[in-house]
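Single-structure report; data block below.
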Amino acid sequence: MTPVNSDASHQLQLLAPEGLQAQISTWLQQDAQRRHALQVCRAVLTSLNISDWYIAAGFVRNLVWDKLHHIALQPLNDIDVIYWCDTDVSVARDRAIEAELRRQVDLPWSVKNQARMHLNNNDPAYLSCLDAMSYWPEMQTAVGVKLVNMSVGTISTDRVNGTVDNTANLQLNNNVATDAKLNSNIALTSSSTFCVLSYGDEIKVDAVFGLIRLFSLCLNANPKCDISVFKSRIVQKKWLSRYPKLTLVSDPFLLSQ
């Protein structure tokens, strides 16, 4: 395994997290399908009084990697919707939410209540969506986005054990200025125009391990997770052939397994 390019990593570390969040927000707004998915997901989960939710994993990760590789966006083979609600942890409820999402828009939805998923993974009980993501096999996958409306005073009540990237809600009107600063540092694909969401709507970006690793085009195993799961997912997902700029990170945890 080759170490990550230290110059590229250092360059990314000079960027404020808000700049990377703003870049993701802009890309999401430019993607009509992803933007619509966020709007529908917010509507359905809000109707169920579920506030702790995200569209996570490849929905964001692949978008970033596609853009940084300057290739056409990969099709959305599944849309991972996660939520945390301990009042009903049945699989039937997840299927009912999937059915309603699919009724609204025919996309490959996959819905899982994280208040139950620790049982599948033999982990301690998850306290929130962010806590659940902190156990996912790759650090780069532990990123989620959601649509919030700040005009009604939305307050995040997410809790997580450990360090979480401090991701404030993004003011869409400030994105262009922030993106300009971002693009002057690294070669990203962006545009000075994008579709503005409804009044008061903002895209919230939360990354448990921060966004630097994701934008650095590296793959880090999560020490909380079985390394064999990480290795099998690399093969199964074919990330290294699909995204040739990706680098597996050499670290003591990986080398000792």
For V81, all conditions in the list (1) surrounded by fewer than 22 Cβ atoms within 10 Å (Cβ to Cβ); (2) within 20 Å of the chain's Cα centre (by Cα); (3) not charged (D, E, K, R) hold save one; what is the number of the exception? (1)
In a helix (DSSP H, G or I), modelled with pLDDT under 95 and surrounded by 20 or more Cβ atoms within 10 Å (Cβ to Cβ), is that true of A8? no
Any residue at all in region 129-138 that's assigned to a loop (DSSP other than H, G, I, E, B) and free of Cβ contacts under 8 Å to residues at least 24 places away in the same chain? no
If we keep just the residues of region 104-120 that are in a loop (DSSP other than H, G, I, E, B) and touching a residue at least 12 places away in the same chain (Cβ under 8 Å), which is surrounded by the most Cβ atoms within 10 Å (Cβ to Cβ)? L107
Please indicate, with yes or no, whether at least one residue in region 142-151 is among the polar types (S, T, N, Q), modelled with pLDDT of 95 or more and over 30 Å from L248 (Cβ atoms). no
Name every residue in region 204-216 that is buried (at least 24 other Cβ atoms within 10 Å of the Cβ) and in a strand (DSSP E or B), in order of residue number. V205, D206, A207
Quick one: is N49 assigned to a loop (DSSP other than H, G, I, E, B), out of contact with any helix residue (DSSP H, G or I) (no Cβ under 6 Å at 6 or more places or on another chain), surrounded by fewer than 18 Cβ atoms within 10 Å (Cβ to Cβ) and at pLDDT 95 or above? yes
For the structure I just gave you, tell me whether L101 is closer than 21 Å to I203 by Cβ and assigned to a helix (DSSP H, G or I). yes
Among the residues of region 217-231, is any buried (at least 18 other Cβ atoms within 10 Å of the Cβ), assigned to a helix (DSSP H, G or I), at pLDDT 85 or above and in contact with a Pro (Cβ under 7 Å, 6 or more places away or on another chain)? yes
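The values are calculated or read from the model by the stated rules, or taken from the named source; none is laboratory data. All of these numbers come straight from a predicted model, not from anything done at the bench. Ideal geometry is used to build each Cβ from the backbone, glycine not excepted, and the neighbour counts take in all protein chains shown.
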